[in-house]
Ligand code: MLT
């Protein structure tokens with residue numbers, strides 16, 4: 001037996017695993033330290049009442065022979081796919097329920113989708129970037145080309161002057177919080193159509209765009225149905241990090257070398273995936289109900305408010321930052337540090353704040369740092385007080 005040799009090319013551990021280990025070691029040495037978590041983007045607001053009621057109802061159904069559900073449809077129950085199609089329709093985008101695949105999360109689908117692409121496709125990823133895009137391709141040995149994100153392009157790299165087969169775009173962006181406008185996305189669609197490339201569009205943070213006129217789905221861009229797959233999540237917008245539910249939209253007409261990606265993915269899922277639990281899908285359906293949408297909007301408002309407080313604090317301290325408006329993430333320069341890992345330790349040890357070093361998102365992230373607004377209002381307030389105390393004296 002031989003192991004997958006490409007794994008030798010991965011970093012020692014996944015970014016957030018490494019951070020958890022460092023934090024656990026610090027906490028062991030300092031058991032009384034009250035750590036303020038602004039690292040991994042995990043939510044703190046509980047599920048909204050409409051979702052909780054749906055879970056209760058679905059659990060009750062599962063407890064009676066007449067209403068019990070066994071295996072569900074691999075692609076997801078029609079009730080949820082129809083609710084998602086209506087959500088798209090409200091954004092002015094026509095997507096048929098048949099084009100939607102319910103998943104157990106965007107991260108899983110983003111990795112699993114690689115099953116249907118050739119191993120020698122050239123992959124283009126922005127740098128800095130959500131590390132799962134890179135690691136999953138390294139595991140398969142695909143060649144990766146990086147697109148530099150810098151303050152000059154507002155961390156929103158445009159199409160390159162080389163050919164790429166697979167392109168990862170995430171907007172609003174993890175980690176920088178930047179979001180593409182229509183014109184910028186249209187340039188990407190034009191590139192993908194000209195190069196017969198595929199855009200893997202990660203819209204996990206689209207909920208944070210509400211109220212803006214920035215595109216919240218790539219399918220708002222003409223031509224995208226012929227060159228893009230969109231991967232969405234309920235984790236960040238509806239507090240589903242512990243529930244596990246997302247969806248992936250693959251237009252029926254999306255074809256490469258005469259093969260329908262919709263069919264390939266359906267074939268892959270039927271073989272390797274048994275769907276998402278009935279109870280979780282009923283819970284997800286409730287997110288898209290009028291009450292669910294209104295309640296979820298309120299919960300998101302807490303994170304927006306946190307982000308405002310964080311932005312005000314950074315501004316007051318004269319620390320340059322990006323994001324935090326259409327995003328739960330603020331991307332800041334490390335004040336007084338070249339190494340973002342050194343700054344991580346400094347912040348942990350001197351302010352008990354856990355953030356994410358920019359270098360963990362790629363070499364272009366070095367010298368930058370990500371703070372997440374997913375804390376509670378109280379922990380965010382405490383963290384910003386500590387932050388002010390720490391940096392005001394420097
Ligand atoms: C992050 O903090 O970057 C995200 O929470 C990670 C994820 O969604 O997997």
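The values are calculated or read from the model by the stated rules, or taken from the named source; none is laboratory data. Just so we're clear, the structure is a prediction, and the values are computed from it rather than from any experiment. Neighbour counts are summed over all protein chains in view; Cβ atoms, including those assigned to glycine, are modelled from backbone coordinates with ideal geometry.
Looking across 185, 193, one residue alone is without any contact (Cβ under 8 Å) to a residue 60 or more places away in the chain, under 18 Å from the mean Cα position of the chain (by Cα), over 20 Å from residue 112 (Cβ atoms) and outside any loop (DSSP other than H, G, I, E, B). It is 185. Hey, does region 32-42 have a residue that's more than 16 Å from the ligand (Cβ to nearest atom), in a loop (DSSP other than H, G, I, E, B), farther than 18 Å from residue 340 by Cα and free of Cβ contacts under 8 Å to residues at least 12 places away in the same chain? Scanning region 32-42, I find at least one residue that is more than 16 Å from the ligand (Cβ to nearest atom), in a loop (DSSP other than H, G, I, E, B), farther than 18 Å from residue 340 by Cα and free of Cβ contacts under 8 Å to residues at least 12 places away in the same chain, so the answer is yes. With a requirement of 2 or more residues that are within 20 Å of the chain's Cα centre (by Cα) and closer than 18 Å to residue 204 by Cα, the helices (runs of 4 or more DSSP H) lying completely within region 217-325 that satisfy it span 235-238, 278-287, 290-317.
Checked against the criterion of being within 21 Å of residue 264 (Cα to Cα) and touching a helix residue (DSSP H, G or I) at 6+ places or on another chain (Cβ under 7 Å), the candidates 241, 217, 249, 237 yield just one match: 249.
The one condition from (1) more than 17 Å from residue 173 (Cβ to Cβ); (2) touching a residue at least 40 places away in the same chain (Cβ under 8 Å); (3) assigned to a helix (DSSP H, G or I) that residue 346 does not meet is (2). Within the set 98, 124, 164, 118, the sole residue that is in a helix (DSSP H, G or I), more than 16 Å from the ligand (Cβ to nearest atom) and more than 16 Å from the chain's Cα centre (by Cα) turns out to be 98.
A single entry from 337, 369 fulfils the requirement of being more than 30 Å from residue 103 (Cα to Cα), at pLDDT 95 or above, touching a helix residue (DSSP H, G or I) at 6+ places or on another chain (Cβ under 9 Å) and assigned to a strand (DSSP E or B): 369. Looking at residue 98, is it closer than 27 Å to residue 262 by Cβ and surrounded by fewer than 18 Cβ atoms within 10 Å (Cβ to Cβ)? For residue 98, the condition - closer than 27 Å to residue 262 by Cβ and surrounded by fewer than 18 Cβ atoms within 10 Å (Cβ to Cβ) - is met. Evaluation of residue 79 against the conditions (1) more than 16 Å from the ligand (Cβ to nearest atom); (2) within 30 Å of residue 134 (Cα to Cα); (3) outside any loop (DSSP other than H, G, I, E, B) shows that the sole unmet condition is (2). Considering 296, 356, 313, the condition of being at pLDDT 95 or above, in contact with a helix residue (DSSP H, G or I) (Cβ under 7 Å, 6 or more places away or on another chain) and under 25 Å from residue 85 (Cα atoms) is satisfied by 296 alone.
In this structure, residue 11 does not satisfy being within 16 Å of the ligand (Cβ to nearest atom), within 25 Å of the chain's Cα centre (by Cα) and closer than 27 Å to residue 302 by Cβ.
The set of residues in region 191-207 that are surrounded by 24 or more Cβ atoms within 10 Å (Cβ to Cβ) and more than 22 Å from residue 109 (Cβ to Cβ) is empty. Residue 5 meets each of the listed conditions (1) out of contact with any helix residue (DSSP H, G or I) (no Cβ under 6 Å at 6 or more places or on another chain); (2) within 16 Å of the ligand (Cβ to nearest atom) apart from (2). Restricted to region 350-363, and to residues there that are in a helix (DSSP H, G or I) and away from the ligand (no atom under 16 Å from the Cβ), the residue that is farthest from residue 46 (Cα to Cα) is 363. Looking at 223, 266, 246, just one residue is within 16 Å of the ligand (Cβ to nearest atom) and at pLDDT 95 or above, and that residue is 246.
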